[in-house]
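The values are calculated or read from the model by the stated rules, or taken from the named source; none is laboratory data. As the structure is a computational prediction, the values presented were derived from the model and not from experiment. All Cβ positions, even for glycine, are placed from backbone atoms using ideal geometry, and neighbour counts span all protein chains on display.
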Amino acid sequence: MAKEKIDFRDQIARNNRKSLMLAFIVFLFIVALGYAISFAFSPGYFFIIMIIATIISLLYVLATYYNSDKIALASVGAKKADPVQHRALYNAVENMSIASGLPMPQVYIMKGEQINAFATGRDPEHSSICVTAGALNSLNKQELEGVIGHEMSHIANYDIKFITTVAVVVGAISIFSQLFLRSMFYRSGNNDRAGGNVIFFIIAIALAIIAPIAVQLVQLAISRKREFMADAGGVQLTRYPPGLINALKKIKQENLKMKVPGAVAPMFFTAAEAMSTHPPIDKRIKALESM
């Protein structure tokens, strides 16, 4: 019996639903943590915590939103690609730009023998694609277009903005948790917790410890789901699954660990599986072969 093929549109829609569900779980952690803290402390004290956390979060999101591409490119030592010397790369990016209907991204090259790439930028009009020298040396035209199609899909789906938003939420939870736990040292000699309920105080402590760890796991899961969706999007643009499949197989065969800053690891085409920001290559290949 022939194996049923999965349409790439269904794959994109299914992974998008899963990503939104995981984002909602992060939101629930914020509500639960804030609710428990509001009962553990007086409303005035909690209000101060909210103001401080909100200010820090706003400053963080503004800085990362408008400078995320510059920060990411600088962190890996990326340089502008030469249109003549790297004509094959420019052609691949241009082809995928036309196929997606998106503006032509800025094109960068970074050092490294490994096959890898990433996209960055706050929106399609302010986007960049960076490819390793190893990718240019090891991939043929179809494979390179498959990788570029994957990255163009990230741009088209606003994945960078999505991941940044989740990162800000995770950071906000960490801020709330740290402020709450540190404040306990200053209140340890005060038995009167401003009317706070003891049960909710214990719950707040537990959430303050567990929530940052839990939402970090959710953040990693969101990143993995977006990678499956970008693979499906790459197929949509190239209409040639073997190109992306063969690129992944070459990455698996080279078995080279690429060291990148942790903050930008979720942006890359592939990353060390121990980091858990990407699904295993075998699973990505299997999903692509089913399309």
* To do: Just give me the residues in segment 71-88 being within 24 Å of the chain's Cα centre (by Cα) and buried (at least 16 other Cβ atoms within 10 Å of the Cβ), in sequence order.
  => A72, L73, V76, A78
* Name the residues in segment 111-151 that are among the hydrophobic types (A, V, I, L, M, F, W, C), farther than 18 Å from R87 by Cβ and in a strand (DSSP E or B), would you? -> F118, A119
* Only one of (1) surrounded by fewer than 17 Cβ atoms within 10 Å (Cβ to Cβ); (2) at pLDDT 95 or above is not met by Y108, so which one is it? -> (1)
* Asked: Is it fair to say L102 is surrounded by 19 or more Cβ atoms within 10 Å (Cβ to Cβ) and modelled with pLDDT of 90 or more?
  -> no
* Structure fact -> When segment 73-110 is checked residue by residue, the ones that are part of a loop (DSSP other than H, G, I, E, B) and either under 14 Å from I155 (Cα atoms) or among the polar types (S, T, N, Q) (or both) are Q85, G101, L102, P103, M104, P105
* Asked: Would a scan of segment 250-262 turn up a residue that is within 14 Å of the chain's Cα centre (by Cα), assigned to a helix (DSSP H, G or I) and modelled with pLDDT under 80?
  -> no
* Report yes if D231 is at pLDDT 80 or above, touching a helix residue (DSSP H, G or I) at 6+ places or on another chain (Cβ under 8 Å) and exposed (fewer than 13 other Cβ atoms within 10 Å of the Cβ), otherwise no. => no
